[in-house]
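J.: A single structure is presented below for examination.
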Amino acid sequence: MPVKVGIITTGQSPRNEYVSFHTNALKALGLDVVVTEKACLDGLTRAEIAEHEIRPADGLGIGCYVHNTTPDDRRMGAGWEEIFVVQSWYLERAQAAIDAHVAEGAEIILMCCAEMYPEGALHSPVPLLLPYQLMFDLVRRQAEARGKLKLALLLPTEWHIDQDRATWKSQPWMDKVDAHFGIGIATGEALDQLEGEGPYDLALIWGYGDGLAPHDPETLLEDISKRLGCPTVTPNVLNVFNARTLISPAWAERIHVRY
């Protein structure tokens, strides 16, 4: 029987690139899966969503893509618009999406969002992966092992740069991290800002799915690693690899052994 994997996207569906990425990546790791998407803002009109939009300067928010008749979005194409909504309201919608996945028999749930949430804001009786925790854990452990880590953080847009800076500075282990921020992933501006300050020990994409959208550059991650001189990690890849360790059957390690 295929493993039922639930993914949660921040805006409206369908995000076909997310469904296909998680399906094919997990299959490449030896799993038979069925990936189902729940989008936090599905079922709402554009006017209803607008009631909860917020300017980044006015409080904590979440970036998301919704349907609209605005000019084509740079990354998603026709019929899409990127907006910013109040985090507290979004979290209510996210919890409802978790509950819906659980009711439908999902065996593991992956949040497709890199933002940090308040502790205990979301709960699930099945494994729930929150990418910000995975990214924090990766950086913390490397910083502690090395004593110092030079980190490049690439942000999709300047919308919530202050929120993102506060997120990373809030962590006590950041005194061991020399963090450099670049803004504008898809446009290449982040690379232009960061390249002259390298090389780095590690680069993180602080935005879920950057590199997967229909109009993202095909060589985005390769270009980042090459120009910054370091490994580049995305939250979606961390989600997939951590999900694999939490799904049965266990990965068939012995097939890779040669005697």
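J.: Six or more apart or on different chains, Cβ under 9 Å: which pairs go from a residue in the range 38-63 that's within 21 Å of residue 166 (Cα to Cα) to one that's of a type in the set (D, E, K, R) and assigned to a loop (DSSP other than H, G, I, E, B)? Could you list them?
T.: So the pair list comes out as 56/158; 60/115; 61/55; 61/115; 62/115; 63/115.
J.: Additional query: Look through 198, 182, 209 and report the one residue that is in contact with a helix residue (DSSP H, G or I) (Cβ under 7 Å, 6 or more places away or on another chain), modelled with pLDDT under 90 and assigned by the TED database to the domain that holds residue 147.
T.: When all the criteria are applied, what remains is 198.
J.: Could you tell me how many of the residues in the range 1-23 are hydrophobic (A, V, I, L, M, F, W, C) and either assigned to a helix (DSSP H, G or I) or out of contact with any Asp or Glu (no Cβ under 9 Å at 6 or more places or on another chain) (or both)?
T.: 2
J.: Another question, then. In the range 229-259, how many are outside any helix (DSSP H, G or I) and either surrounded by 10 or more Cβ atoms within 10 Å (Cβ to Cβ) or of a type in the set (S, T, N, Q) (or both)?
T.: Summing the residues that are outside any helix (DSSP H, G or I) and either surrounded by 10 or more Cβ atoms within 10 Å (Cβ to Cβ) or of a type in the set (S, T, N, Q) (or both) in the range 229-259 gives 10.
J.: So, in the range 198-224, how many residues would count as being open to solvent by less than 80 Å² (accessible area, probe 1.4 Å) and more than 18 Å from the chain's Cα centre (by Cα)?
T.: Number satisfying all stated conditions: 5.
The values are calculated or read from the model by the stated rules, or taken from the named source; none is laboratory data. Computed from a predicted model, the values in this text were never measured in an experiment. As a convention, Cβ positions derive from the backbone with ideal geometry for all residues, glycine included, and neighbour counts pool all protein chains shown. The accessibility values were calculated without ligands, DNA or RNA, using every heavy atom of the protein model including side chains. Shrake-Rupley method; radii C 1.70, N 1.55, O 1.52, S 1.80 Å.
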